[in-house]
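In what follows, a single structure is set out as structure tokens and then discussed.
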Amino acid sequence: MNDFTGPVFQPGDGGYDGERSGFNLAVEHRPALIVGATCAEDVRAAVTTAASRDLPVAVLATGHGPAVTADDAVLVNTRRMDGVQVDAAAATARVEAGVRWQRVLEATTPYGLAPLNGSSPNVGAVGYTLGGGAGLLGRRYGYAADHVRGFEVVTADGRLRQVSADLEPDLFWALRGGKGNFGVVVAMEIDLFPVARLYGGGLYFPAEATSDVLHAYAEWAAAVPEEMASSVMLIHYPDDPAVPGSLRGRFVTHVRIAHSGPAEEGERLTRRLRDLGPRLLDTVGEMPYAQVGSIHHEPTEPAAAYDTNVLLGHLDAHAVDTLVSLAGPEADAPFVVELRHFGGAYARPPAVPNAVGGRDAAFSLYSGSLLDPDRIEENRLAHGTLNDKMRPWCTGGSFANFLGIDDVGVERVRTAYTPADFTRLTEVKSRYDPQNLFRINHNIPPR
């Protein structure tokens, strides 16, 4: 395979298994060919090879958001494309396809600049942004996709295109929110923001406080300014030495705080939640933005996970009671639940329109569990029951970044977009990928 600069793997080759696995092990890929891309030319060669063999193209950076298996596909592993260049004067960064947010943070925060990264620095920056990107600065600045200056993308015809608001604007619109349906992004240029510090961390309340905390949180979240990002996780921690002693083996209501305004204002806003009662652990305080990943403190070790999400238009007292009955300490639910506060800048259209949906949501409701093959139907039923019971408060939409392995049908994918936007996405797909070469994803088919 002389067309490639990076390594190439076929079934049976040494290194094949390591190249085909990502963070979420719920989907096992067995591609016909893996290209360890090191540059845009490798990506072009991979796409051309796939098209010539009538094989689909799959892309793997970190593998946090799998959809369908990449069996018999050409899998482009982008992890070697790890360059980040910061223009501090312009407050922008160029980020290559395989870069994780942690690497971006390391490059930008010395300048007092922050990207619109996600809650986990371990997630790939490009894939996150293509799905919209809802992080801890989003209520203040909007979705990550709202602040992309341009993409370098290889489309199904094997061309490397420069795409922006001025160059191929329809494709630029679709890439921002349409996930990996339109090509392989090899680099993006993003805006950075003058946020050097946060007032943030976690308030961990005991099981008996769950109902009171959630009711108070719903009222509190409705009144806080856009500089305040927050979420609540309901979780039963395992009895594991890796878990802090005060949380080990306990059901916990974990309120996560990230205030990007003055620390004294963040402390004042948080005081109302602190006044609800004793915490098992309280880590909220002033921190450099470089430590933003400590707020959610999400897992970093690969595992097989099953997850679902819906978007909520509002969260009243009845909704809170329903959620507590399904996911609270007495429910013995086989999943964790996260309520993430949306609204603010998320609700406003960006300066350059894009395909990101969910702008009418007040909260996202995510549920996730480790995937036990012997209990998958039980898990599906439990997650489905949760979403069905919460339906009175749902917008009918979902968030593209949080689509899971059971969300691959076109009708489910459609819920991540407005009807008009989904129609337009299929039209753009027909123009740039009429054979649906890029279908190993939450697929938007051509018309």
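None of the figures in this text is laboratory data; all of them are computed from the coordinates on show. Owing to the predicted nature of the structure, the values given are computational and were not obtained by experimental measurement. A quick note on method: Cβ atoms are made from the backbone with ideal geometry, for glycine too, and the neighbour counts reach across all protein chains shown.
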field: Selection from the stretch 92-115 of residues that are buried (at least 17 other Cβ atoms within 10 Å of the Cβ) and part of a loop (DSSP other than H, G, I, E, B)
entry: 97, 98, 99, 113, 115
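Okay, residues lined up against (1) surrounded by 15 or more Cβ atoms within 10 Å (Cβ to Cβ); (2) under 22 Å from the mean Cα position of the chain (by Cα); (3) closer than 28 Å to residue 121 by Cα:
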| site | (1), (2), (3) |
| --- | --- |
| 277 | no, no, no |
| 293 | yes, yes, yes |
| 308 | yes, yes, yes |
| 320 | yes, no, no |
| 329 | yes, no, no |
| 336 | yes, yes, yes |
statement: Reported set for the stretch 204-250 where residues are hydroxyl-bearing (Ser, Thr, Tyr) and either within 26 Å of the chain's Cα centre (by Cα) or within 15 Å of residue 329 (Cβ to Cβ) (or both) is 204, 210, 211, 217, 230, 231, 237
- request: State which residue is surrounded by the fewest Cβ atoms within 10 Å (Cβ to Cβ) when the search covers only the stretch 232-262 and only residues that are β-branched (Val, Ile, Thr) and within 15 Å of residue 338 (Cβ to Cβ).
  value: 235
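Picking from 138, 118, 131, which residue would you name as being within 15 Å of residue 179 (Cα to Cα) and crowded, with 24+ Cβ neighbours inside 10 Å? If you could, list the steps in order and put the result at the bottom.
Values: 138 fails: within 15 Å of residue 179 (Cα to Cα); 118 fails: within 15 Å of residue 179 (Cα to Cα).
Checking each option against the conditions leaves just 131.
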message: Anything in the stretch 18-50 that is under 22 Å from residue 373 (Cβ atoms) and of a type in the set (A, V, I, L, M, F, W, C)? List them, or say none.
response: 23, 25, 26, 27
task: Out of the residues in the stretch 19-68 that are basic (Lys, Arg) and touching a residue at least 24 places away in the same chain (Cβ under 8 Å), state the one that is surrounded by the fewest Cβ atoms within 10 Å (Cβ to Cβ).
output: 30
statement: When every residue in the stretch 173-195 that is surrounded by fewer than 24 Cβ atoms within 10 Å (Cβ to Cβ) and out of contact with any Leu (no Cβ under 8 Å at 6 or more places or on another chain) is compared, the one nearest to residue 287 (Cα to Cα) is 189
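Looking at 129, 69 in this structure, which one is of a type in the set (S, T, N, Q), on the phi < 0 side of the Ramachandran plot and outside any loop (DSSP other than H, G, I, E, B)?
Details: 69 fails: outside any loop (DSSP other than H, G, I, E, B).
After ruling out the rest, the residue left standing is 129.
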Scan of the stretch 298-321 for residues that are out of contact with any strand residue (DSSP E or B) (no Cβ under 9 Å at 6 or more places or on another chain) and of a type in the set (A, V, I, L, M), ordered by number: 317, 320
query: Do you know which residues across the stretch 426-447 are in contact with an Asp or Glu (Cβ under 8 Å, 6 or more places away or on another chain), among the basic types (Lys, Arg) and either outside any loop (DSSP other than H, G, I, E, B) or within 21 Å of residue 128 (Cα to Cα) (or both)?
result: 431
field: Residue within the stretch 82-97 that is within 14 Å of the chain's Cα centre (by Cα) and either over 26 Å from residue 229 (Cβ atoms) or in contact (Cβ under 8 Å) with a residue 60 or more places away in the chain (or both) present
entry: no
- prompt: Residue check: is residue 87 under 30 Å from residue 289 (Cβ atoms), touching a Gly at 6+ places or on another chain (Cβ under 9 Å), surrounded by fewer than 16 Cβ atoms within 10 Å (Cβ to Cβ) and not hydrophobic (A, V, I, L, M, F, W, C)?
  reply: no
Criterion (within 24 Å of the chain's Cα centre (by Cα) and either hydrophobic (A, V, I, L, M, F, W, C) or outside any helix (DSSP H, G or I) (or both)) met by exactly one of 19, 28: 28
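So in the stretch 148-171, with the set limited to residues that are surrounded by 24 or more Cβ atoms within 10 Å (Cβ to Cβ) and touching a Phe, Trp or Tyr at 6+ places or on another chain (Cβ under 9 Å), which one is nearest to residue 294 (Cα to Cα)? I'd like the intermediate steps shown before the answer.
Here is the first cut: in the stretch 148-171, the ones surrounded by 24 or more Cβ atoms within 10 Å (Cβ to Cβ) are 148, 151, 153-154, 163.
With touching a Phe, Trp or Tyr at 6+ places or on another chain (Cβ under 9 Å) added as a condition, the list becomes 148, 151, 153, 163.
Values: 148: 25, 151: 30, 153: 32, 163: 34 Å.
The extreme case among them is 148.
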Lone qualifier among 363, 342 - being touching a His at 6+ places or on another chain (Cβ under 7 Å), aromatic (Phe, Trp, Tyr) and within 29 Å of residue 143 (Cα to Cα): 363
